[in-house]
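These notes concern the structure reproduced below.
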Amino acid sequence: MSSSPFKPTAIFALAVAVLNAPASPAAAPGGASGPGPAVAGFSYVQSAGGIDEYRFDANGLQVLVKPDHSAPVASFQVTYHVGSRNEVTGTTGSTHLLEHLMFKGSERFNDPAGDSVKQYLGARGATFNATTYFDRTNYYATLGSGDLEGYVAIEGDRMRNLWLHDADKQSEMTVVRNEFERGKNDPNTILREEVQAAAFVAYPYHHSTIGWKSDIEKVTVEQLRAFYDTFYWPNNATVTFVGDIEPAVALNLVKKYYGAIPRSPHPIPEVVTEEPEQTGARRVTVNKPGKIGSIEIAYKIPGALDKDIPALDVLGDVLFSGKNSRLYRALIDQNLALRAGAGLESMRAAGLFEVSASLSPGVAHETVEKIILAEIEKVKEAGVTADEVSQVIHQHHAAQAYGRDGTAAVIAQLNEWISAGDWTQYIRYDDAVARVTPAEVQRVANRYLSIKQSTTGWFVPDTSK
Amino acid sequence: MNTLYQSIGLAALFLAADVRAADIAKHVVRTQIAGIDVIAYRTGIKDVVTIAGALPAGDVFATENIAAASLTGSMLDKGTLTEDKFAIAKQLDRVGAQLGFGVEEQTLTVQARSLKADLPLVLKIMADELRHPAFSDEEFTKAKIAIDGSMQQQAENTGFRAGEAFSRAVFPAGHPNRQASLDEWHAAIGAITVAQAKDFHRRFYGPSHMTLVLVGDLDIAKIQAEIKRDFAGWNGGVAYRQAPQAASAGPVTDEVVAMPGKTSVSVLMGQATGLRYRDPDALPLRVGFAIFGSGFTGRLMGTVRDKEGLTYGIGANMADDTFDDGDWRIQATFAPSLLDKGLVSTQRELQKWWRDGVSAEELKAKKTDMIGSFNVSLATTGGMAGALLRTVLRGYPLTWIDDYAKSVDAVNLAQVNGAIKRYVDPQKLVIVEAGSVGTATPPHP
């Protein structure tokens, strides 16, 4: 159970809220207006759930600030609106490889000087990392609020001043390749990627964020430089402060460390490809050495901000979210599966509704697939109960509260909604889930869980080795 | 064998990276309630409470059948004498509360999280599940099949297989940190009866050495009353069992766990330390390992990953030393084609660290890092609850948390380099490689 439809599946480099007063219209450039502080150079945009949004007039940088003084800790995050969907054949995996190279330093902050981002944060006990996914790349740290400014300075610098040396790319390529290889150790990761690749044939969600191995190996530093120069600009980024910091202080840090960076000299390219309509069921099979088979069935669904997403999210939890869920009773409790899951792979442009299971030893794929499909048909024909929906809504409500336990958890969730295109959903989504009715759940099941829109994958262990 | 049967998933009063007392212990309310050591710490978070608890009922107590602790633990959430598992789950799910149990070498662990208003419900169910599991034949059979299947799934995981082989090479038979083999688990699960699990529960479950930590938005007087009511009349429990020390490092052991079709090899390399967490030499040695292999700024990541590009992840740390003497280990992954290079580089760095020690500059930076990260880790209810529980299980008074920064700051260069020389011997390493790396060598007996 999570408080948002996003799954924490991004790959790493280093591996009941009520909306506040209606958002004010953006103020005229030159001075913030609204409930936030008046810091020259920022336009106040809106507030929700204790979070204020500003736009830095000089370069279009989006700024979010959520003060929380309960501990002398703060988290800072930069979200770039670029992910693996912005890649093309030959450069798949570039977003992620570039994310790794963002830790290789700049003229101003680097390892030899002893003040690289790793050295600065490592010497202060910060937790930090970066992740890349289909729609975004984010860099973040949680540290003592007294040390925050130094980190903001480094992030501001590496937005435009990254070294990007070929030697660094060469050594980091094999690091990333090992990350790729580690993923391929797990048959379920392979199955997951193959199902996604079959489900999306044209839209760049087709390839996994880590990319194809040959692209990881062959991409040049010039191609990475071009990627960096295309997407790493303030008007394609959001910075977020959560924790022990006042909004005026945060805005002045942004002004100090991002103020000299201009807007991109070009429009940020949009992905123009559209996924063609799927015209029939698709199937994939993965054979690798192993012992435990698995199944995944994925259905196409709309993007993360679509009005049907909350109902689909509830449907996922009705199917599997605890001992009383339908697939727990039908599969786990019958010893037919060791593990099962149902829920959304929610992305900006389109998503997948996924149902998966790891089979108990000796159980046939056909048996489990038939049961999963039968449970889905039951929902489509007979609907779900008010009690089931009510239970899921309460689980979401509690998860929302748990997700605010610590500044790091808050920025992680905000990051996904920023990536989806509307950070206020971090506040609003819980209410949207609370309004879902059994009828809506049945409607979305019938609308989206069509066998013609499905991609089914089997991992069939090769036991001959 | 670490098993978790149910999924579980502010405002610590502390200071940043400077060395000052934080007064956490002063704000903790610690009481003995119904025989349980109850530790409550109220923080500034609204509406959220996290619980972490433990009692001595882990695998080390399962002397007649090694699966007894795990099977017993797995029955806790499968229904009680008064309610079946679905009725219990429904009560928790209705309010989004989470309650789970796990079995480790020494402990049965309890993890829970709920909204403030639902804490009484969680405590009531926790008490009922701990005290009165139903042990139905049907559920017991299901649990046996599920755990055995999960073991087969683990057999496909290179990291798990490396860890299993490493523990068997480092620790002697009978030591709590030595894992049973998958074959041994399979046989034990097949043989165990529900009567044995019931007997295990009767002999080892009880309040007398149980610790329960609650952190978050607490009405402390109210939760004390709830615990008193829910656990009243519960008796029993045994003390933690300390094992004899592991043998000192033996001859070099190089073991391959052959697994077909794997694209990355998991490597573990290390030795027994003979140290428990609270032994005087453990802290300087821990600081030394943090310099060598902790995080992105550790020497191993800086060289084997950043400079040479041989791995996605490599690190070193001390482990398994809460109750018994533990080990140190380097953990890494390498592509099969880069395995030899990776091993050479790793051992070169180990030799260098052992031979030359660490520098005063490294020590100074790492102290700040360790103190800062310890403080940051306390900034969630889960982090604080875990820290309080570990403090107790390691045998410290709660003031240890407040004194952590001072303790780390007091470590000097001679202590660190002396401990490295005393407890690490690069000539007598246990090395395990799990993955597609050629022909298997005989497993360690």
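The values are calculated or read from the model by the stated rules, or taken from the named source; none is laboratory data. In this text, all values refer to a predicted model and were calculated from it rather than measured experimentally. As a convention, Cβ positions derive from the backbone with ideal geometry for all residues, glycine included, and neighbour counts pool all protein chains shown.
The set of residues from the range A:315-336 being hydroxyl-bearing (Ser, Thr, Tyr) and either surrounded by fewer than 21 Cβ atoms within 10 Å (Cβ to Cβ) or assigned to a helix (DSSP H, G or I) (or both) comprises just one member, A:Tyr328. Kindly evaluate A:Asp405 against the criterion of being modelled with pLDDT under 95, acidic (Asp, Glu) and part of a loop (DSSP other than H, G, I, E, B). It is true that A:Asp405 is modelled with pLDDT under 95, acidic (Asp, Glu) and part of a loop (DSSP other than H, G, I, E, B).
Out of all the residues in the range A:369-379, is one or more at pLDDT below 95, over 20 Å from the mean Cα position of the chain (by Cα), surrounded by fewer than 19 Cβ atoms within 10 Å (Cβ to Cβ) and not hydrophobic (A, V, I, L, M, F, W, C)?
no
Going through the range A:155-175 one residue at a time, which ones are within 26 Å of the chain's Cα centre (by Cα) and either within 14 Å of chain B (Cβ to nearest Cβ) or more than 13 Å from A:Asn110 (Cβ to Cβ) (or both)? Across the range A:155-175, the qualifying residues are A:Glu155, A:Gly156, A:Met159, A:Arg160, A:Lys169, A:Glu172, A:Met173, A:Thr174, A:Val175. With the checklist (1) in a loop (DSSP other than H, G, I, E, B); (2) under 26 Å from B:Gly435 (Cβ atoms); (3) of a type outside the set (Phe, Trp, Tyr) in hand, flag the one item B:Gly302 doesn't pass. So the condition that B:Gly302 fails would be (1). Only one of the numbered conditions (1) within 9 Å of chain B (Cβ to nearest Cβ); (2) buried (at least 24 other Cβ atoms within 10 Å of the Cβ); (3) closer than 16 Å to A:Ile210 by Cα is not met by A:Thr137, and that is (1). The listed residues are A:Ile261, A:Ile245, and the only one of them that is in a loop (DSSP other than H, G, I, E, B), within 14 Å of another protein chain (Cβ to nearest Cβ) and within 26 Å of A:Asp52 (Cβ to Cβ) turns out to be A:Ile245. With respect to the conditions (1) surrounded by fewer than 23 Cβ atoms within 10 Å (Cβ to Cβ); (2) at the interface with chain A (Cβ under 10 Å from one of its Cβ atoms); (3) among the charged types (D, E, K, R), B:Arg113 falls short on a single one, namely (1). When B:Ala187 is tested against (1) crowded, with 19+ Cβ neighbours inside 10 Å; (2) assigned to a helix (DSSP H, G or I); (3) among the aliphatic types (A, V, I, L, M), only condition (1) is not met. Within the range A:58-71, does at least one residue satisfy the condition of being at pLDDT below 85, closer than 24 Å to A:Ala126 by Cβ, touching a Leu at 6+ places or on another chain (Cβ under 8 Å) and surrounded by fewer than 22 Cβ atoms within 10 Å (Cβ to Cβ)? Yes, the range A:58-71 has at least one match. Every test in (1) away from chain A (no Cβ under 14 Å); (2) surrounded by fewer than 22 Cβ atoms within 10 Å (Cβ to Cβ); (3) not aromatic (Phe, Trp, Tyr) is passed by B:Ala272 save one, and that test is (2).
Within the set B:Thr82, B:Thr72, B:Thr63, the sole residue that is in a helix (DSSP H, G or I), over 15 Å from the mean Cα position of the chain (by Cα) and not charged (D, E, K, R) turns out to be B:Thr72. How many of the residues in the range B:344-361 are within 14 Å of chain A (Cβ to nearest Cβ) and either within 23 Å of the chain's Cα centre (by Cα) or surrounded by fewer than 21 Cβ atoms within 10 Å (Cβ to Cβ) (or both)? Total satisfying the criteria: 2. Each residue in the range A:103-121 was checked for being within 13 Å of chain B (Cβ to nearest Cβ) and surrounded by fewer than 24 Cβ atoms within 10 Å (Cβ to Cβ), and 11 pass. Scanning the range B:152-167 for residues that are touching an Asp or Glu at 6+ places or on another chain (Cβ under 9 Å) and more than 14 Å from chain A (Cβ to nearest Cβ) returns B:Ala165, B:Phe166, B:Ser167. The residues of the range A:347-370 that are touching a Gly at 6+ places or on another chain (Cβ under 6 Å) and assigned to a strand (DSSP E or B), listed by number, are A:Ala350, A:Ser356, A:Leu359.
In contact with a Pro (Cβ under 9 Å, 6 or more places away or on another chain), closer than 20 Å to B:Thr297 by Cα and at pLDDT 95 or above, is that true of B:Gln331? No, not satisfied.
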